[in-house]
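Enquirer: After the structure tokens below, expect a handful of questions from me.
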């Protein structure tokens, strides 16, 4: 089967792709010289999409002894966005009380057994605040106990050439030195109008279906670059809304908000399987739905990526995915800092404990 993104015949390092989803980590690491030697993803629809693009179907449940036995003895990098629902502000925030939260400890067991040089982990930024920071401290301490120097930082997709305000925390563990997030190469701000299409079979709203704000209220938000400019004529928050504040985005439910293409787009969530993302073009003076093709584009997926046949799965999978240019930038920086060395000696002295880590969180 011919696929668009097969493993490279020549490579500089190897990696395993855990909680692989539709392969954002894989696309990013392959683009900088990596070869995937193992992947795991329990969701059947995501497995299908992965197979269509890489020619390999990921193994299933990573907690299965049979699946863990299939992991190669040696590889250079472990990567994965371990399930974020237990820590997300959108979820119940049960943390390690949620079964999915304990999957982090599966990662620890794999690191302990195989001792790769590096690990790159991703999660929602709220994980740093969950349980008053104790959950995150357990994660960092666990990696340190396994012999890794740990650095972490909240990075936003909008700083890496994508017109999407998407904050995520990235954790990098290294055995040979300490990763410096400050040396990551960032990109100038890109606006939606630089990426979206202006010709196509779009779903437009009629003028009676939405309300645009007066120009005095329409301005870019300094931190996010979002330009909130209107809302669909649906329900608003009623309780506690003061007179004269109905123009504020917080008064309107997220799927009803409309953002201008002269700014960025809010985070694409996995819970929105019908793609209710609406954008306004001041040039055409029209409001339309962001197409699913554009959703994949503002996450950094290439045009020839093969999406799942089911439209609902497409929206769910892209919302669960990771901004590809962010991972590419981290992997490139790891190489530039000489922290990925193929065929390294993996022996680590048992009486040496890596105990340094950086806290670099931008809010």
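Since every read-out is calculated from the coordinates, none of them should be taken as a lab result. Quantities reported herein were computed from a predicted structural model and do not represent experimental measurements. In this analysis, Cβ positions are derived from the backbone assuming ideal geometry, glycine residues included, and neighbour counts consider all displayed protein chains.
Enquirer: Given just the C-alpha atoms of the range 198-290, how large is their convex hull per residue in cubic angstrom?
Expert: Enclosed volume per residue, from the Cα hull, is 121 Å³.
Enquirer: Which of 181, 104, 202 moves the most in a Gaussian network model of the chain with Cα springs under 10 Å?
Expert: Comparing 181, 104, 202 in the GNM, the peak value goes to 202.
Enquirer: When the chain is modelled as a GNM with alpha-carbon springs shorter than 10 Å, which of 48, 109, 164 fluctuates the most?
Expert: 109
Enquirer: Working from Cα positions, state the angle (0 to 90°, nearest 10) between the long axis of helix 103-114 and the longest principal axis of the chain.
Expert: That works out to roughly 30 degrees.
Enquirer: What residue among 180, 145, 201 has the largest mean-square fluctuation in a Gaussian network model of the chain, using Cα springs under 10 Å?
Expert: 201
Enquirer: Using the 10 angstrom Cβ neighbour count as an exposure proxy, how do 78, 111, 334 rank, fewest first?
Expert: So the ranking, lowest neighbour count to highest, is 111, 78, 334.
Enquirer: Turning to a different aspect of this structure: Expressed as an acute angle from 0 to 90° and rounded to the nearest 10, what is the orientation of the C-alpha long axis of helix 134-145 relative to the principal long axis of the chain?
Expert: Here the helix axis deviates by roughly 30 degrees.
Enquirer: Now for a different question. Measure nothing fancy, just the Cα-based angle from helix 44-54's long axis to the longest principal axis of the chain, in degrees from 0 to 90, nearest 10.
Expert: 80 degrees
Enquirer: With the calculation restricted to Cα positions, what are the radius of gyration and Dmax of the chain in angstrom?
Expert: 21.3, 70
Enquirer: Same structure, new question: Taking only the alpha carbons of the range 139-279, what extent do you get along each of the three principal axes, in Å, biggest first?
Expert: Principal axes ranked by extent give 61, 40, 31 Å for the Cα atoms.
Enquirer: Now, a different point. Can you compute the FRET efficiency between residue 68 and residue 185 using 1/(1 + (r/R0)^6), with r the Cβ-Cβ distance and R0 = 35 Å? Round to the nearest 0.05. Before the final figure, lay out each step's value.
Expert: Details: r = 35 Å, r/R0 = 1.01.
In this case the efficiency is close to 0.50.
Enquirer: Quick check: pseudo-label points 7 Å beyond the Cα along Cα→Cβ at residue 236 and residue 102, how many nm apart are they?
Expert: Reported label-point gap for residue 236 and residue 102 is 4.7 nm.
Enquirer: With runs of 4+ DSSP H residues as the only contributors, calculate the mean residue ellipticity of the chain at 222 nm using -39,500 (n - 2.57) per run, divided by the residue total and rounded to the nearest 500.
Expert: -6000 deg cm²/dmol
Enquirer: Please rank 194, 304, fewest neighbouring Cβ atoms within 10 Å first, as an exposure proxy.
Expert: In order of increasing Cβ crowding within 10 Å: 304, 194.
Enquirer: Taking other Cβ within 10 Å of each residue's Cβ, how do 299, 1 sort, fewest first? It would help to have the intermediate numbers written out before the result.
Expert: Working: 299 23, 1 6.
Placing the least packed residue first, the sequence is 1, 299.
Enquirer: According to a simple spin-label model (label point 7 Å from Cα along Cα-to-Cβ), what is the distance in nm between residue 341 and residue 193?
Expert: In this crude label model, residue 193 to residue 341 measures out at 5.1 nm.
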